[in-house]
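Beneath this line is the structure, given in structure tokens, with notes to follow.
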Amino acid sequence: MLAEDNYLLREGVRLLLAETDELELVATAGDYDALLRAVEAHQPDVVLTDIRMPPTGTDEGIRAAQHLRETHPGVGVVVLSQYVEPEYALALLGEGTRGRAYLLKEHVGDLDQLLRAVHAVAEGGSMLDPKVVDALVSARSTRPSLLDRLTPREAEVLAHIATGQTNAAIAADLFLTERAVEKHINAIFSKLALSDEADAHKRVRAVLLFLEAQAP
């Protein structure tokens, strides 16, 4: 289902989704309360939601994602935003990256990217817009951080992990072997003191440390 208070954008996304037979749009909503009612009524696999909607026009999309994690943990959420703000990404991913994606509205016309985000959260994965990662890196704080222990290559690998890429995708982007990527990731976990974490949590914790370190 799609939640967006701007009628023109809502219709634009609806028409865009109509171009593919991979998805069925079961409902639309224009505010926070209507979003929650539509989820109850239609039980969608994925919610595409604007980050700011009535009634307050602040962070309804983030709050909806947090609420649905408790009430409908199997529903994936893709937050659409025009804002490259570290605090929004941290708020969305702070309780876990499973089934959550943050995508900039400037890319919403890219059907392939939108479909990747929808499929990722539907399968329990995550996705972070590469531009958001770039902005986080450029806004990096000068305060001491565990990330200072990483080599430039390890920091680069961690930035790619934060976008939700697999080891194979990272290897292809950085012209490395998958084995080399695995070695870098193991070094990252060790330097970030994550070696004792459960395997399923290491990647999430590493991404959260990365995002926290970049927040101004």
Check: When the gyration tensor of the chain is built from Cα positions, what are the square roots of 5 times its three eigenvalues, in whole Å, from largest to smallest?
Finding: 31, 18, 16
Next item on the list: Consider a paramagnetic label point 7 Å from the Cα of Ala18 along Cα→Cβ; state which residues of the stretch 77-112 have an amide N under 20 Å from it.
Entry: 108-112
Note to self: Tell me which of Leu23, Ala89, Ala34 sits at the most positive position along the dipole axis of the chain, charges placed on C-beta atoms (Lys, Arg +1; Asp, Glu -1).
What the structure shows: Ala89
Next item on the list: Give the Rg/Rh ratio for the stretch 87-137, taking Rg as the radius of gyration of the Cα atoms and Rh as the Kirkwood radius, to two decimals.
Entry: 0.96
Check: Under 28 Å Cα-Cα from Lys105, which lysines qualify once same-chain neighbours fewer than 8 residues away are excluded?
Finding: Lys131
Item checked: Ranked Leu147, Leu92, criterion: other C-beta atoms within 10 Å, fewest first -> Leu147, Leu92
Next item on the list: Mind putting a number on the dipole of the chain about its Cα centre? Charges go on the C-beta only, +1 for Lys and Arg and -1 for Asp and Glu, and I need it in Debye to the nearest 20.
Entry: 800 debye
Next item on the list: Quick one: which residues, 5 or more positions from Ala27 or on another chain, have an amide H under 5 Å from its amide H? H modelled 1.01 Å from N in the peptide plane, none for Pro or chain starts.
Entry: Leu2
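Laboratory data are not the source of any read-out in this text; all were calculated from the coordinates shown. Since this is a predicted model, take the numbers as computed values, not measurements. Positions of Cβ are backbone-derived with ideal geometry, glycine not excepted, and every protein chain shown enters the neighbour counts.
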